[in-house]
Structure formats: C-alpha cells, structure tokens
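Asker: The structure is given below, and queries will be raised subsequently.
The values are calculated or read from the model by the stated rules, or taken from the named source; none is laboratory data. Since the structure is predicted, the reported quantities are computational estimates derived from the model, not experimental observations. Ideal geometry is used to build each Cβ from the backbone, glycine not excepted, and the neighbour counts take in all protein chains shown. Each accessible area value is taken on the protein alone, full model and side chains, heavy atoms only, with ligands, DNA and RNA left out. Shrake-Rupley method; radii C 1.70, N 1.55, O 1.52, S 1.80 Å.
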Amino acid sequence: MVQRVELEVSEKYQPNIEEVVLSSPDVDSYAAHTVLDLVANKPDAILLLPTGNTPKGMYRIIAEESNYGREVDFSKVNVLNLDEYWPISGGHFASFKYYMKHHFYNYVNIPREQRYIADGGYPEPFTETARIQGHLEVFKKKGIDLAVVGIGKNGHLGFNEPGTPHDMETWITELSEDTRRANASDFILPEHLYGIQESIPVPHHAITLGLGENGIRAAKHIMLLAKGEAKAEALRRAFREPSTEEVPASALQNHLNVTIVADYAAAEGLGAA
Ligand code: GLP
C-alpha cells in the first residue's frame with residue numbers, strides 16, 4: 001500500500017505541479033504503479049522512459065507485477081528513451097540500450113519494434129537525432145501519455161545540461177564534467193563481463209530529447225523521480241526559483257501536468273520533508 005503524502009495546495013509553488021513525498025521504497029512503488037495503472041487502463045500507451053539509478057526500483061516492481069505481461073499486458077506499449085551516450089555500442093554494458101534490456105525489456109512483453117532509443121553506435125549522430133525526433137513527433141500526434149524523468153545533481157533532465165535552451169528538439173549534447181564524473185561508476189567493468197567487454201571512458205557526448213514542446217514537454221504528463229539528499233538542491237533550484245536555462249529541470253514549470261515524486265531526503269529541497 002503506497003502511503004501518499006501531498007502538500008497542502010497553499011504550500012505549493014506551482015499549481016500545475018503535484019508534489020508527492022514518500023519513503024524511498026514507496027517512491028519506487030508509486031512510480032511503478034503509475035506506469036502499471038496507465039498501461040492497464042490504456043494498453044497502447046506511449047511512454048518516454050529514463051535510465052539512471054533512481055528508476056531501477058520502479059523497473060524492478062513493474063517487472064515483478066507485470067509478470068512478463070501475464071498480469072499487465074505491455075504488448076501494445078511503445079517506449080522512447082530520453083537519451084543515449086554517443087558514441088557507444090548498444091551492446092556495451094554502460095549503454096542505456098543495455099540498461100533498458102536488463103532492467104526492463106527482459107521482463108515485460110514489449111515487442112522489439114516498439115522499443116525506441118537513439119543508436120549510440122550510429123556514426124552520423126545528426127542523422128540519428130533527426131530519426132529520433134521523427135519518432136517523437138509521430139508519438140506526439142498520437143499522444144504521449146507519460147514521461148518518467150530523473151534529475152541530475154546539476155539539474156539536468158535527460159542529458160540536457162545547464163545552459164540548454166528550453167525549446168530544443170532532439171540534439172547531440174556535450175556532457176558536462178560534473179555529469180561525466182557522476183556517471184563514471186556506470187563505466188567500471190562488472191566482474192561477470194571480464195574478458196567479454198572492455199571498459200571505455202565516459203563518452204563526451206550524448207543524443208537526448210530536448211526540453212521543448214517537441215521534446216520531453218510533448219508528454220501529457222511528466223513524472224519526475226528524485227531520491228537522496230544529493231538531489232535536494234537540484235529540486236530547490238528547479239521548482240522553488242524562477243525557471244532558468246541554468247537549471248534544465250526548471251523547464252517543467254512551463255508544463256501543465258507534472259508530478260514530482262521525491263523521497264524525504266530529496267524533498268528537503270522543496271521544504272517538504
Ligand atoms: C543520467 C541520465 C538522466 C538521469 C540522471 C540522474 O545521466 N541521463 O536521465 O535522470 O543522470 O541519474 P541517477 O538517477 O543515477 O542519479
């Protein structure tokens with residue numbers, strides 16, 4: 001049973017932003033059930049989905065509860081990922097393609113042709129950004145039901161780093177040193193892959209959906225997940241100060257339907273713990 005603690009409306013900074021503050025395991029459960037309920041009610045839902053440590057618990061619960069599609073059928077769902085490193089091979093353990101397979105696609109019955117992610121191994125990144133943008137626009141016409149997003153410590157969303165204009169479409173971005181450092185642990189070769197794969201340095205670039213209305217903000221509902229004290233300051237800057245390009249997540253202040261799901265430590269930044 002998810003314990004749901006909402007702020008009083010009068011305490012909210014933005015009326016279009018719902019703030020849900022829970023224990024960390026309940027953040028996973030709340031997020032997973034938001035996705036499961038959506039798909040149960042709308043089997044052909046279109047989702048934008050993230051990677052990172054934060055949503056791992058959400059994916060684990062979706063995997064358990066969908067039970068390979070036997071409990072909740074994902075066979076008509078389409079997914080577009082927010083981003084991917086470039087260059088990186090989709091088979092590399094640190095790629096987001098690999099992440100999605102191991103945390104999500106191995107456990108739900110989404111057909112391969114309904115799983116969309118930028119190909120980090122494609123030699124021409126600009127052709128690849130155009131291809132992904134094309135998919136996003138087709139999905140936007142049909143209606144993107146939900147975008148689940150995380151937030152970087154520097155306020156990044158997808159891989160839109162500080163300074164990114166809020167009206168961007170899919171593009172190739174240069175990763176900040178902060179972000180490369182924050183993600184470096186994902187590039188340490190796991191023991192079970194010794195001899196099969198090589199470590200590579202964190203790439204300097206990524207292909208990411210932009211923040212614009214032809215980007216992440218094309219989704220009808222955006223659910224931002226934040227866990228841990230390291231995210232408190234990013235939440236404060238994104239949602240307790242005026243929207244600015246210096247804080248990419250603050251672009252969500254200009255969207256009609258956002259839910260922030262934060263654990264108690266991250267919610268310190270909202271003054272809500
Ligand atoms: C990554 C991803 C983001 C993610 C963020 C936070 O670099 N590109 O989509 O939300 O960083 O990751 P984590 O959840 O591991 O803190």
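Asker: For the structure I just gave you, tell me whether residue 203 is over 14 Å from residue 85 (Cβ atoms) and either out of contact with any Asp or Glu (no Cβ under 9 Å at 6 or more places or on another chain) or touching a residue at least 60 places away in the same chain (Cβ under 8 Å) (or both). Quick ask: steps written out before the conclusion?
Answerer: Details: over 14 Å from residue 85 (Cβ atoms): no; either out of contact with any Asp or Glu (no Cβ under 9 Å at 6 or more places or on another chain) or touching a residue at least 60 places away in the same chain (Cβ under 8 Å) (or both): yes.
When the stated conditions are applied, residue 203 does not pass them.
Asker: Let me ask you something else. Considering segment 174-188 alone, what residues qualify as being among the hydroxyl-bearing types (Ser, Thr, Tyr), closer than 19 Å to residue 97 by Cβ and surrounded by 15 or more Cβ atoms within 10 Å (Cβ to Cβ)?
Answerer: Taking segment 174-188 first, the residues among the hydroxyl-bearing types (Ser, Thr, Tyr) are 176, 179, 185.
Filter once more, keeping what is closer than 19 Å to residue 97 by Cβ: 179, 185.
Across segment 174-188, the qualifying residue is only 179.
Asker: Which of (1) away from the ligand (no atom under 14 Å from the Cβ); (2) surrounded by 17 or more Cβ atoms within 10 Å (Cβ to Cβ); (3) more than 30 Å from residue 134 (Cβ to Cβ) is the odd one out, the single condition residue 241 does not satisfy?
Answerer: For residue 241, the exception is condition (2).
Asker: Identify, by number, the condition in (1) in contact with a strand residue (DSSP E or B) (Cβ under 9 Å, 6 or more places away or on another chain); (2) within 13 Å of the ligand (Cβ to nearest atom); (3) within 19 Å of residue 96 (Cα to Cα); (4) hydroxyl-bearing (Ser, Thr, Tyr) that residue 164 doesn't meet.
Answerer: Every listed condition holds for residue 164 apart from (3).
Asker: Let me spell it out: the conditions are (1) surrounded by 15 or more Cβ atoms within 10 Å (Cβ to Cβ); (2) modelled with pLDDT under 95; (3) within 19 Å of the chain's Cα centre (by Cα), and residue 169 meets all of them except one. Which number is the exception?
Answerer: Exception for residue 169: condition (2).
Asker: Hey, residue 194 hits all of (1) open to solvent by less than 40 Å² (accessible area, probe 1.4 Å); (2) at pLDDT below 95 but one; which does it fall short on?
Answerer: Answer for residue 194: the failing condition is (1).
Asker: Any idea which residue in segment 140-152 is farthest from residue 252 (Cα to Cα), counting only those that are within 7 Å of the ligand (Cβ to nearest atom) and in a loop (DSSP other than H, G, I, E, B)? Lay out the reasoning, then the answer.
Answerer: We begin by selecting, within segment 140-152, every residue within 7 Å of the ligand (Cβ to nearest atom); these are 149-152.
Filter once more, so that each one left must be in a loop (DSSP other than H, G, I, E, B): 150-152.
Details: 150: 12, 151: 11, 152: 14 Å.
Applying the filter and picking the extreme gives 152.
Asker: On the basis of being among the charged types (D, E, K, R), closer than 30 Å to residue 26 by Cα and open to solvent by 50 Å² or more (accessible area, probe 1.4 Å), does residue 141 make the cut?
Answerer: Numbers: among the charged types (D, E, K, R): yes; closer than 30 Å to residue 26 by Cα: no; open to solvent by 50 Å² or more (accessible area, probe 1.4 Å): yes.
Criteria not met by residue 141.
Asker: Within the set of pairs 6 or more residues apart or between chains, which connect a residue that is surrounded by fewer than 20 Cβ atoms within 10 Å (Cβ to Cβ) inside segment 114-131 to a residue that is in a loop (DSSP other than H, G, I, E, B) and of a type outside the set (A, V, I, L, M, F, W, C) with Cβ atoms less than 7 Å apart?
Answerer: Short answer, once both residue conditions are applied: 121/87; 121/89; 121/90.
Asker: I would also like to ask the following. With modelled with pLDDT under 95 and not charged (D, E, K, R) as the only criterion, which of 67, 81, 53, 109 stands out?
Answerer: Details: 81 fails: modelled with pLDDT under 95; 53 fails: modelled with pLDDT under 95; 109 fails: modelled with pLDDT under 95.
Just a single option satisfies the conditions, and that option is 67.
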